[in-house]
1. Being of a type in the set (Asp, Glu) and within 16 Å of the chain's Cα centre (by Cα): is that true of residue 132 here?
2. Applying the selection to segment 359-382, what residues are in contact (Cβ under 8 Å) with a residue 60 or more places away in the chain and over 20 Å from residue 291 (Cα atoms)?
3. Looking at segment 112-123 only, could you name the residues that are surrounded by 24 or more Cβ atoms within 10 Å (Cβ to Cβ) and away from the ligand (no atom under 11 Å from the Cβ)?
4. If you go through segment 3-32 one residue at a time, how many are aliphatic (A, V, I, L, M) and surrounded by fewer than 18 Cβ atoms within 10 Å (Cβ to Cβ)?
5. Quick one: how many residues across segment 334-358 are away from the ligand (no atom under 16 Å from the Cβ) and in contact (Cβ under 8 Å) with a residue 60 or more places away in the chain?
6. With 218, 248, 200, 182 as the choices, which residue is within 23 Å of residue 429 (Cβ to Cβ), away from the ligand (no atom under 16 Å from the Cβ), among the small types (Gly, Ala, Ser) and touching a residue at least 40 places away in the same chain (Cβ under 8 Å)?
7. Return the residues of segment 90-111 that are buried (at least 24 other Cβ atoms within 10 Å of the Cβ) and not aliphatic (A, V, I, L, M); say none if nothing qualifies.
8. Using beta carbons and a limit of 9 Å, which pairs, at least six apart or on different chains, have the first residue in segment 113-127 and in contact (Cβ under 8 Å) with a residue 12 or more places away in the chain and farther than 19 Å from residue 199 by Cβ and the second one near the ligand (Cβ under 6 Å from one of its atoms) and of a type in the set (A, V, I, L, M, F, W, C)?
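The values are calculated or read from the model by the stated rules, or taken from the named source; none is laboratory data. As the structure is a computational prediction, the values presented were derived from the model and not from experiment. A quick note on method: Cβ atoms are made from the backbone with ideal geometry, for glycine too, and the neighbour counts reach across all protein chains shown.
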Amino acid sequence: MLRAREISSTEIVQSCLDRAQRCNDDLNCFISLFPEHALEQAKAADSVIAAGEAGPLTGLPVAHKDIFCTAGYKTSCGSKMLDSFVAPYQATAMAKLDAAGIVMLGKTNMDEFAMGSSNENSCYGPVRNPWDAERVPGGSSGGSACAVSARIVPAATGTDTGGSIRQPAALCGVTGLKPTYGRVSRYGMIAYASSLDQGGPIAQTAQDAAMLLGAMSGHDPRDATSADAPVDDYLDALNNDIRGLKIGLPKEYFSSELEQPITDAITAALNLLEQAGASVIDVELPHTDLSIPVYYVIASAECSSNLSRYDGVRFGHRCPDPEDINDLFCRSRGEGFGDEVKRRIMIGAYVLSAGYYDAYYLKAQRLRRMLRDEFRAALDRVDVIVTPTTPTTAFPLGSRIDDPVSMYLSDIYTVSVNLAGLPAISVPAGFSDGLPIGMQIIGNYFQEARLLNVAHRYQQMTDWHKQAPAGWL
Ligand code: GLN
């Protein structure tokens, strides 16, 4: 409609802003909305469209996870520590989306510093799941997944360190893609665990995710870990034939913790893909059970280092009337960080300390290599690996918050993908008691086009991704 000039970007953006304002009291998915800025960008987009110079994304509104630095606008990372922080520069992923003509509607709620699986760790309060407001949307990109699920925005950005794009996408019934490590620049994306963090799109469809990923990706000299690999034409690959596709099925992902309706949904999805010409082959990922402990040693170690910069001196929260420098450090950090962040910093400092480094950190790194090698061996035999995204559907608010280990287990099917640096997508694959189920498709390095192709083909055969929660439009 935008291309056909049946509607203007200004009208779309205004309607999304109205919806965001209407729904946010109930869903709490936005930390900030920028109506003036968004309408200004929309007006500029309308002139570009009028001049016939529009690209495919010009004038479309997107919400950004509040972990991406947005120049001149509050970037809180869900933390009291950064509640008053206005980013002085633009993250590369944001700059790329600006260049594509995307309109920034606002910044979405998230677990503090991206640590969490339920969005209950935000200093701005929990986000609610649009399918059942008494349940969590998943985390840490819960605000983004919620905003797309409630049809407030057509797409949003997220980040995924151990599952934070895929797990909330699964629990909210939307499509979320975690790219290969290095595909999307981390410059200006506030660091949690630098060897695992990766930004990516959350959208209703694989097609929309393909458009957003294409615009966000690419080599960035300002991120030394950014990959200098060409960006594929993700849209072009969507309709490729999947006849002959080899799908690996790891039995380790279908354990007793997995809810039966999820097993059934994945089985039904595999049948459909087989009817489309794919074949399913058993693969082995024997050390999957180690991925949670390995991930929490490595992610905590890296976060304890990354978060040492928040000391009350250079930026971020500073305690009032410090007595001396130690009091300044202790109280600023004590007041600025929430419980989960403190827990991770303590675990990280412990596993990196002189007496324990070999026993924990070094061992976790060795196991990380082993987990990666297991994926490599499996992906030598198959094109993609299909698994559930999560062991359960959305759980009730408050039900896991006092039991960190049960919370950590929400990511049992996603964290190993980050440890291996591989790309993976979660697509809606059914419902159980009215709550969405997600299917994860894991691919080889830089095979995002293949993942989007399989997801798109699946979405042409199903309508799970088209179903929206009632009551928000
Ligand atoms: N839930 C995981 C954690 O708390 C993953 C979070 C993420 O991917 N950012 O670390």
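1. So residue 132 fails the test.
2. Within segment 359-382, 381, 382 meet the criteria.
3. Initial filter on segment 112-123 (surrounded by 24 or more Cβ atoms within 10 Å (Cβ to Cβ)): 112-119, 121-122.
The one that is surrounded by 24 or more Cβ atoms within 10 Å (Cβ to Cβ) and away from the ligand (no atom under 11 Å from the Cβ): 122.
4. First pass over segment 3-32, keeping only residues aliphatic (A, V, I, L, M): 4, 7, 12-13, 17, 20, 27, 31.
The next check asks that each one be surrounded by fewer than 18 Cβ atoms within 10 Å (Cβ to Cβ); those that pass are 4, 7.
Residues flagged as aliphatic (A, V, I, L, M) and surrounded by fewer than 18 Cβ atoms within 10 Å (Cβ to Cβ) within segment 3-32 amount to 2.
5. Filtering segment 334-358 for residues away from the ligand (no atom under 16 Å from the Cβ) gives 334-336, 349-350, 352-358.
Still in the list and also in contact (Cβ under 8 Å) with a residue 60 or more places away in the chain: 335-336.
Number satisfying all stated conditions: 2.
6. 248
7. Within segment 90-111, 92, 106, 107, 108, 109, 111 meet the criteria.
8. 121/115
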